[in-house]
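Remarks on the structure that follows.
The values are calculated or read from the model by the stated rules, or taken from the named source; none is laboratory data. Not measured: the values here are computed from a predicted model. No Cβ is skipped: glycine too gets one built from the backbone with ideal geometry, and neighbour counts run over all protein chains shown. Protein only, heavy atoms only, side chains kept; ligands, DNA and RNA dropped before computing areas. Shrake-Rupley method; radii C 1.70, N 1.55, O 1.52, S 1.80 Å.
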Amino acid sequence: MHRAFQMDLSRLRLAAARAYVKALESSLTPMSASLTEPLKMNAVVQGLGPSFKLTLNIQNTAASRPVMNLAISFLYDENLYSMRTAFFK
């Protein structure tokens, strides 16, 4: 059973690495399409199961202009997930 788990985990890691390389090659990284709001976002999910942590890294890619007064809202299935606040500045 442990060997089967390790094999599946290796396959999952390989599939994730291939998808990441494909995204990098085709420039599908999450970037803002607007030149007035030059942002790059990366989401990381930590944990499995009934509770997990979602970490968002938002980076301003503008050379000299700060981006201010942004709001983040989450759209999700309320039957499956719950959050304390789904909107924040």
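Could we say that THR36 is in contact with a helix residue (DSSP H, G or I) (Cβ under 7 Å, 6 or more places away or on another chain) and modelled with pLDDT under 85 here? No, not satisfied. One residue stands out among those in region 70-89 that are open to solvent by less than 100 Å² (accessible area, probe 1.4 Å) and either in contact (Cβ under 8 Å) with a residue 60 or more places away in the chain or outside any loop (DSSP other than H, G, I, E, B) (or both): the one that is nearest to PRO38 (Cα to Cα), which is ILE72. Within the span defined as region 56-69, every residue fails to be assigned to a loop (DSSP other than H, G, I, E, B), modelled with pLDDT of 85 or more and under 16 Å from the mean Cα position of the chain (by Cα).
Within region 42-55, the set of residues being loosely packed, with under 10 Cβ neighbours inside 10 Å and either part of a strand (DSSP E or B) or of a type outside the set (A, V, I, L, M, F, W, C) (or both) comprises VAL44, VAL45, GLN46, GLY47, GLY49, PRO50, SER51, LYS53, THR55.
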